[in-house]
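Asks: Shown below is the structure under consideration.
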Amino acid sequence: MQEEEFQTGKVYCANCFHCKLLPELECGILRIRCTAGKWKKKLGQEKVYKFYTIMRRFNDMCEAYEDMGESAEFIRELRKSINEDSSNTSS
Ligand code: SF4
């Protein structure tokens, strides 16, 4: 996600207390989950997402949202850590 794609006023899951990184790798890929149970598949099972999609997940109507602080700053730091992480794994 580019810097200009971040929109203030949106509820980004990445900035929510309930958005957690799963401790185990699945096929070498980091995954994230919503510990409030808001991400579901059609048949009701829990849905998890690839870590690098974290910047695109938002839910403007989520009553379970618990923000981790100022969104723009938090997202900026997260983006930086993802970029550092992907450059470490690509070498
Ligand atoms: S509780 Fe809501 S805002 Fe927080 S991670 Fe889950 S879906 Fe996203």
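Asks: Within segment 8-53, which GluC sites (Glu not before Pro) sit in a loop by DSSP and count at most 16 neighbouring Cβ atoms inside 10 Å?
Replies: Sites meeting the loop and neighbour criteria: E24.
Asks: Which ordering of L22, L78 is given by a fewest-first count of other beta-carbon atoms within 10 Å?
Replies: By the 10 Å Cβ count, ascending, the order reads L22, L78.
Asks: Determine the relative contact order of segment 9-90: mean sequence separation of Cα pairs under 8 Å and six or more apart, normalised by residue count, in whole percent.
Replies: Once normalised by length, the contact order is 36 percent.
Asks: Considering the Cα trace of segment 9-90, what is its radius of gyration and what is Dmax, both in angstroms?
Replies: For segment 9-90, the Cα-based Rg and Dmax read 13.0, 38 Å.
Values quoted throughout were computed directly from the atomic coordinates according to the rules given, and no laboratory measurement underlies them. Remember, it's a predicted structure, so these values are computed and weren't measured experimentally. Neighbour counts run over all protein chains shown; Cβ positions are idealised from the backbone, glycine included.
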